[in-house]
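For reference, the structure is listed below as structure tokens.
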Amino acid sequence: MQNDNEKLKTARHFSFFIFRFTFQRGYAALTTVLLVLGASLAVIGGLTFFSFQETAVNRLFVKSVDARAIAEAGIEDALWRVLSGMTIASGETLDVGKGATVVTVSSLGNTRTIRSAGSRDSLKQAITTFVDIPSSGTGFNFGVQVGDGGVTLGTNAAISGGVFSNGDITGAGASSAITGDAYAAWTSSIADVAISGNAQANLIDNVTVGGYASSTTKLDDVVVGRDAHADELDDTTVNQDAYYNVIDATSIVLGSGITPAAAPANLAPLAMPISSAMLEDWKADASCGGCTVISGDYTVSGLQNLGPAKITGNLTVSNNAHLIVSGTLWVVGDVDFGANCNISLSAGYGSTSGVIVVSGTVSVGNNCVFSGSGNPGSFLMILDEKDAPAATVITVGNGASGAVYYVANGRIIFNNNSSAHAVTAYGLDLNNNTAVAYESGLASVLFSSGPSGSYDILYWKETE
């Protein structure tokens with residue numbers, strides 16, 4: 001009996017030991033599992049955190065790249081518009097894809113600084129480029145320069161500025177006025193006009209000269225404000241010294257008379273200021289590969305932008321229409337500018353000038369006004385290439401104003417009360433009450449070489 005009790009007690013102790021051993025091992029295993037699970041969760045959490053961080057960084061990077069692409073799109077759009085002569089407002093906002101960019105354009109001479117500040121959500125990138133747009137330069141050193149066809153001035157016609165003519169300069173008497181200097185080359189004469197500056201010609205007849213007067217042959221019925229140089233003085237009054245070989249009894253020299261004296265030589269003629277190469281460049285600008293070519297006739301009415309473009313027929317600008325020239329125009333046919341029209345250069349020209357090339361004839365209606373871009377030194381030139389020296393190629397109506405006219409091989413006629421900034425022609429007729437008022441900026445005027453011309457991007461970089 002005792003043995004049975006001892007066996008039972010031993011069995012109980014063994015079972016308790018087995019229970020404790022098993023429980024402790026299970027607890028350890030559970031603890032281990034929990035530790036492993038915790039560590040795994042920590043690792044997974046860390047990886048998840050870094051993954052989210054990496055995703056966020058990637059998203060920011062993508063938006064940053066987008067912002068740069070948006071900024072560059074703004075630069076490209078603005079550059080295209082500047083080179084095309086189109087208007088772009090500084091501070092203009094452009095929507096691009098999922099973002100936007102603010103474009104600012106500043107001008108200095110022929111250069112443009114373009115800044116585009118692109119943004120995508122909170123990410124911003126700014127790009128700035130500096131562009132030099134080459135221009136072709138020429139000089140109009142006189143208010144009027146004409147060839148062998150000469151200049152005629154009607155009653156009360158006036159030229160404010162200098163005149164150089166390879167032919168005669170002829171007025172209608174004292175009311176015909178030249179406020180600058182007047183020069184006539186070769187054997188040409190100056191007659192029947194009042195000149196505020198100096199005068200030189202082969203013969204000067206019935207003229208009042210405010211400055212010096214020089215004649216290869218004779219000063220006849222001339223009043224000279226300062227010194228006079230001539231082979232002969234006839235019925236002439238010289239307020240200062242006179243250099244001559246022959247003098248008649250009616251002539252008066254208030255200063256010293258120096259005789260004998262070598263008579264001045266005839267002036268050599270001047271060539272026209274615009275070369276044929278420049279003309280061909282402008283025609284190429286108008287008809288460039290990416291430009292507009294209009295077949296047949298074309299009519300402008302209302303407000304319209306045009307250019308660069310080549311028109312194979314005639315161009316008509318209707319009465320009261322406003323044509324904004326946004327690039328070089330070449331009209332193969334005739335041009336008719338209607339009454340009260342307004343022809344101006346686009347703001348994109350900046351301080352450079354623009355040109356309309358015409359191969360036919362030009363008629364400018366009454367009170368038609370021409371103007372540059374609005375910047376100082378910007379002018380609009382009407383250039384006619386028609387070769388007809390004896391014909392009137394450009395006719396300017398009453399009250400028309402503001403253009404620079406150029407026709408190397410034809411005549412220009414100005415009707416009553418019309419005016420211009422400068423005129424270069426084979427021959428010029430100024431009717432009564434007309435005027436040419438020379439602008440000093442034309443001495444070194446720069447013409448845009450057009451969108452087909454080359455341009456230099458001096459830098460293109462990220463900026464603040």
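Give me the dipole magnitude in Debye, nearest 20, for the stretch 176-276 about the Cα centre, with unit charges on the beta carbon: positive for Lys and Arg, negative for Asp and Glu. Write down the numbers at each step before the final one.
Working: 2 positive and 12 negative charges, 69 e Å.
The calculation lands at about 320 debye.
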Open item on the list: Step by step: find N for the stretch 204-266, compute 2.2 N^0.38 Å, then divide the Cα radius of gyration by it. What's the final number?
Closed with: 0.91
- [ ] Using Cα centres only, tell me the gap between the stretch 230-265 and the stretch 337-377 in whole Å.
- [x] 48 Å
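Could you rank the peptides 268-278, 204-214 by their average count of other C-beta atoms within 10 Å per residue, with the highest value first?
Descending packing order for the listed peptides: 204-214, 268-278.
Using a Förster radius of 45 Å, what is the FRET efficiency between S64 and T292 based on their Cβ-Cβ separation? Nearest 0.05, please. It would help to have the intermediate numbers written out before the result.
Working: r = 39 Å, r/R0 = 0.87.
Efficiency for this residue pair is about 0.70.
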Task: For peptides 113-126, 343-356, sequence by mean Cβ density within 10 Å, most packed first - done: 343-356, 113-126
Open item on the list: Using 0.36 nm times the number of residues separating D95 and Q240, minus their current alpha carbon distance, what extension gain do you get?
Closed with: 44.9 nm
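Grab the other residues whose beta carbon is less than 13 angstrom from that of D192, score K and R as +1, D and E as -1, and report the net. Let's see the in-between values first.
Details: positive: none; negative: D168, D205, D220, D221.
Residues near D192 contribute -4 overall.
Working out 0.36 nm times the residue gap between T463 and T187, then minus their Cα-Cα distance, what length gain in nm do you get to one decimal? Mind dumping the intermediate values first?
On the way: separation 276, 0.36 × 276 = 99.36 nm, distance 6.43 nm.
Computed gain between T463 and T187 is 92.9 nm.
For the ranges 63-75, 292-304, 157-169, what's the packing order if you count other beta-carbon atoms within 10 Å of each residue, average per peptide, and put the highest first?
On the way: 63-75: 20.8, 292-304: 13.5, 157-169: 24.3.
Most protected by this proxy first, the peptides run 157-169, 63-75, 292-304.
Every number here is computed from the coordinates shown, using simple stated rules; none is lab data. No experiment lies behind these values; they were computed from the predicted model shown. Note that we place each Cβ from the backbone using ideal geometry, even for glycine, and neighbour counts take in every protein chain shown.
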